[in-house]
Structure formats: structure tokens, C-alpha cells
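The values are calculated or read from the model by the stated rules, or taken from the named source; none is laboratory data. This structure is a prediction, so every number in the text was calculated from the model and none was measured. As a convention, Cβ positions derive from the backbone with ideal geometry for all residues, glycine included, and neighbour counts pool all protein chains shown. Heads up: the accessible areas ignore ligands, DNA and RNA and are worked out on the full protein's heavy atoms, side chains in. Shrake-Rupley method; radii C 1.70, N 1.55, O 1.52, S 1.80 Å.
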Amino acid sequence: MAVQATQANMPVVLLKDGASQTKGREAQKNNIAASKIIAEIVRTSLGPRGMDKMLVDSLGDVTITNDGATILKEIDVQHPAAKMLVEISKSTDNEVGDGTTSVVVLAGALLEHAESLVLQDVHPTVIVDGYKKAGKKAKQHLKEIAEQVSADDKPTLLKIAKTSMQTKLVRKESDKLSDIVVQAVLAASVKDGENYTVDEDDIKVEKKTGGSISDSSIIQGIVLDKEIVHSGMPKKVTNSKIALINTALEIEKTEIDAKINISTPDQMKLFLDEENKMLKNMVDKIINVGATVIFCQKGIDDMSQHYLAKAGILAVRRIKESDLTKLAKASGARIVTNLDDLSEKDLGAADLVEERKVEEDRWVFVEGCKHPKSVTILLRAGSQRVVDEVERAVHDAIMVVKDVMELPSIVAGGGAPETYVATQIMSWSKTLEGREQLAAEKFAEALEAIPLALSENAGMDPIDTLATLRSQQLKGNKWTGIDVMKGQVSDLKTSNIVEPLAVKYQIISAATEAACMILRIDDVIATVKSAGPPSGGEGGMPPGMGGMPPGMGGMPPGMGGMPDMGGMM
Ligand code: ADP
Ligand code: MG
């Protein structure tokens, strides 16, 4: 069913058979509806009283989470507009680490409010212009209420980490975990003049089921989930000299098919001796430079293991490349590919390398490194699903602490900044001429989706709560917000519910951008793969548009192209 246009009785065929197109109002309605569904999915998981989602993938693996980015990553969204919201959630996760639910809730609300204007025949470009101006204004107002803090102030960082963890399953353990997180980020931070930067990759997070969340700990160094290769090797080496090798300590198989004829037992012995000699040579090179510990990215042959053990060297094999890089950074060693190149100055150092028992496994701990910026957080919890969720919570917390160290400004949580900015935008909108004013008003209303969702999820009356909050914010009480745990509007500074300004910036920018982009679309053309079946049918759909029947006009509005969504809720 190709789309055709008729010009002077001549049909002009533009699209291939099987391609589909929705235009104008229909396309907008469809995109907005899909975005609203996505926002609705994550809305109920916003805040400390938000609900968790249980996601089951096609293999039957279960994930339990209330992290926006994770929820959306796990559900296989097909609709192109809905996919954009999944994208902003992901990019928010990468940029600032937290606020992945809020950004989607806000984008959904912006689109929902835009829809009412579209229905009143306000042109989408006018809405987009109004939204963009309002978005800029919103960030200025956020800056107004933000409080400057000192970047390495531990008590502030603890509050930030704790607020982020309040919304996760780890809430009860948030004292201990936030302490671990803040220690880790402070250790990994680098000061340059007045500014700090943090590379979150310097913080290694390992998880192990068994024990409870409160058994989690921080190790000043690197933990490898590998054991020492040979039982004859020392289990502990102090003042170690570390060699990092990314080549195998094995005899390489030749690429050419060669045949060796051996006719007598003596020849056999000679052959094996020769092989052993080669391995011994390799190991000798390591012994000669004075290494006492080697970490190898590839395999280590039994014979090499034997020689290493005899020389009292501790060896670990099949180390992940990323871990080898971390080890290099931490110990000051250089990763060596060719053993002939290995020299004493390639060796790194650590005070202690030791194999310890972690539940049923043996792991190697490298502590007291030359570069003390490398730390490992070892997370524990009773089951795999819990420890996975703990890891996500710790990731968010690491990121918010990093955010504050890099941009040392904080605002209240609990819907306070959103409500403040909404009141300000609302009064500013009156200064705008024409229909942009309507768009700015809608922007303000959309911001209130955050306090509304927070109070609704906490079982509070959303309308009453918002009214109280608005009046407090208008009075200039910028720290007054919804204390979800107490179920009332109160001063959040005393209850230490604070968030990084960077997260709020990101939420507003990303949500505004996505909403504007979706609003500007007035034509959705779904082409078919050139090699696909001739026409129509599910098989002809390109992957991004799967499930969307050709001729999208026939789709029930609201569910466009997302057949699985209902089942997820
Ligand atoms: P996101 O993925 O957007 O971070 P969360 O589920 O983590 O979503 O919820 C974050 C929201 O919860 C923020 O607006 C934050 O201010 C708010 N929040 C966190 N702790 C509290 C609390 N104790 N009381 C009220 N609001 C809180
Ligand atoms: Mg959060």
C-alpha cells in the first residue's frame, strides 16, 4: 500500500510498497499518546514511596527495580516517539546519574499539556518556542534558589547521597552505604585549582550475594573476582612488585598446519623438554625483573604456573581488560604485551596483594596502591536481585555526589524547586505576548507533575498538597517541600532532603528538548527494509517500527505501535 499523491491525474509514487505514513494532527496525537503511556509507566515509581516494577525478559529473567532508566531499558519499546523518552532517560543516567524517572515524567507532562493547546489550534511551533523560552527561564530560577556549598564538604555530600538512596530499596541501609559512597568519590576526586573532577570509572563496584546489605564495604584498592592460579603460590605478598601482562604465558599454537614426526621416546622427551624450556624462559624474564605478583589478561599454562609457584610469585590469569587498566592506573605498572620488553620500570607496586575468601569464592585484593585514587566498593545482599538493585542505587548515589563535587550547588528535593519554578514561570508568562503565553503557562503546569506524582505516590492528597506547597513557595520558603516520609509539607533542610542543582538542570533541559522535538514532528514515515517481503504484513516492518500495522491511521489512538505496554503495568 504505497503512499501516492495525485498531481494532474498522474499518480506520483513516493514510497515503497508496505511503507506507511501518518501525517499532521494524527501523527502528533499518536506520538503524544505514546509518550504519555511511557511517562505513566514510570510515574508510579517516583519518590521514596514509589512502587517497584517487576520486569520479566524473554528468557524469563526477572529484574525488580524502581529506577526509571532501568525500567525503560528492560521493556522493549517499539514506538519511535516513546523511544525518544527512553533515550532521554538513558542520557540523563549517563550525564548526571539520577533523575531518570523525573525526566520522563516531566517530558510526558509537557507533551500532555501541549496536547490541549494543539487541540485548540495553537500551532506546534508556537508551543515549541514558548517551551524553549520557559525552559531557559526555569534554569535561571533554579540557579536563584540554589545554595552554594563547598565541594568537599562531607556532611553535605552525605545528605546528597542519602536523599538519592531514600527512593530505593536500600533506604534502611542508606547511612552506611552513603558513607561508603562519599568515601569512594572523595578518594577518586581530583582537584584542579578550585574545581574537582571525578572519574566514576576509578570506583570499581563488585557485588556478591550472601550476607546482608550492611556487610557491604569499601576497599582502598582493587578487588578482582579471580583466584590465584596455583595452590603452591603464596596467598599473600607484601610490598609487592606487580607486572601486568596482556599476552598468554603459554606456547602459542602456530597458524600453519605443521606436522612433527616423532619416532622414538627420546625424541618425544626432547620435544617436551624444548617446550618446557620455552615456558621456563618466559617465566625467567618475569623473575629476572623482580616481579613478585603478575596479573595476566590471557591464560597461564600449567607448566608456567609451576615455575612461577617455584619462584614464589603470585599469579592471577584471565583478568578483564578494564580491570587490567585499573590495576595499571592504581599500581603505576605498565601493561606489557611482549615479555622481551618487560623491564623493572614497568613494574607497579602495592603494599599488599592477598587472596581472601568471599562467601564460596576466593578473590584477590590489591591494597595500598601507589595511586590511592582507586577504590572498590564491595556490595553484599541476600539475593542476586537485591544486590543488583543495591548496585543501581549505589551508582545513582556515586553520580549525585560526583555532580555536587563538580558543580557545588544544591537545592531542596521533594518537589520544592519544581513548584517554585512553576510559580515564577506562571507569573512571567503574563509578560509574554500572544500564544506563547499559553505555552509558558502550560510549561509551569507541567512542572507541577513532579510534586503531584510525589504526593500521589505517598498516598497524600495531591491537590491539597500542591496548594499548600505553592503558597509556601510564593512566600519565599524555598526549602519547603513535600516530606514524603512524614506525609506533610515541611522544611526539607532540617530533614536533609537535598539534591544536586546539576540533576535539576538536566531534567529540565532534557525533558524540554525531547518534548519540543516530538512536538515538531508532523509526519511519521515508516519505510520497509529493501530486502523485506514484498508488501504489508508484520514481516515487512523495519525493526524500529515493529508492531505498527502499515497505515498507522487505523491504530487506536493512545496505543500506537506498542502492543506490549499494557502487559507491563
Ligand atoms: P528519579 O529516577 O527521577 O531520581 P526517584 O524515584 O529517585 O526518581 O525520585 C526522585 C524524587 O524523589 C526527587 O524529586 C526527590 O526530591 C524526591 N525525594 C527523595 N527523597 C524524598 C523524601 N524523603 N521526601 C520527599 N521527596 C523525596
Ligand atoms: Mg533518584
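Results, tabulated for the structure shown:
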quantity: Condition check for Lys162: within 16 Å of ligand 1 (Cβ to nearest atom), in contact (Cβ under 8 Å) with a residue 24 or more places away in the chain, assigned to a helix (DSSP H, G or I) and basic (Lys, Arg); calculated: yes
quantity: Matching option when the condition is in a loop (DSSP other than H, G, I, E, B), open to solvent by 40 Å² or more (accessible area, probe 1.4 Å) and more than 13 Å from ligand 1 (Cβ to nearest atom), among Ser58, Ser91; calculated: Ser58
quantity: Unmet criterion (only one of (1) closer than 30 Å to Ser150 by Cβ; (2) more than 23 Å from the chain's Cα centre (by Cα)) for Val190; calculated: (2)
quantity: Identity of the residue in region 489-505, within 18 Å of the chain's Cα centre (by Cα) and either free of Cβ contacts under 8 Å to residues at least 12 places away in the same chain or open to solvent by less than 30 Å² (accessible area, probe 1.4 Å) (or both), that ends up farthest from Ala138 (Cα to Cα); calculated: Pro500
quantity: Single unsatisfied condition, Lys493 versus (1) more than 10 Å from ligand 1 (Cβ to nearest atom); (2) under 15 Å from Thr423 (Cβ atoms); calculated: (2)
quantity: Lys326 vs. criteria open to solvent by 20 Å² or more (accessible area, probe 1.4 Å), touching a residue at least 40 places away in the same chain (Cβ under 8 Å), more than 30 Å from Asp201 (Cα to Cα) and assigned to a helix (DSSP H, G or I); calculated: no
quantity: Complete set of residues in region 399-437 that are of a type in the set (Lys, Arg) and more than 30 Å from Pro155 (Cα to Cα); calculated: Lys430, Arg435
quantity: Filtered residues of region 460-487 (kept if open to solvent by 70 Å² or more (accessible area, probe 1.4 Å) and in contact (Cβ under 8 Å) with a residue 24 or more places away in the chain); calculated: Arg470, Leu474, Met485
quantity: Subset of region 110-134 [open to solvent by 10 Å² or more (accessible area, probe 1.4 Å) and within 25 Å of Ser45 (Cα to Cα)]; calculated: Glu112, His113, Glu115
quantity: Test: residue in region 388-401 that is of a type in the set (D, E, K, R), within 13 Å of ligand 1 (Cβ to nearest atom), open to solvent by 10 Å² or more (accessible area, probe 1.4 Å) and closer than 22 Å to Ala187 by Cβ; calculated: yes
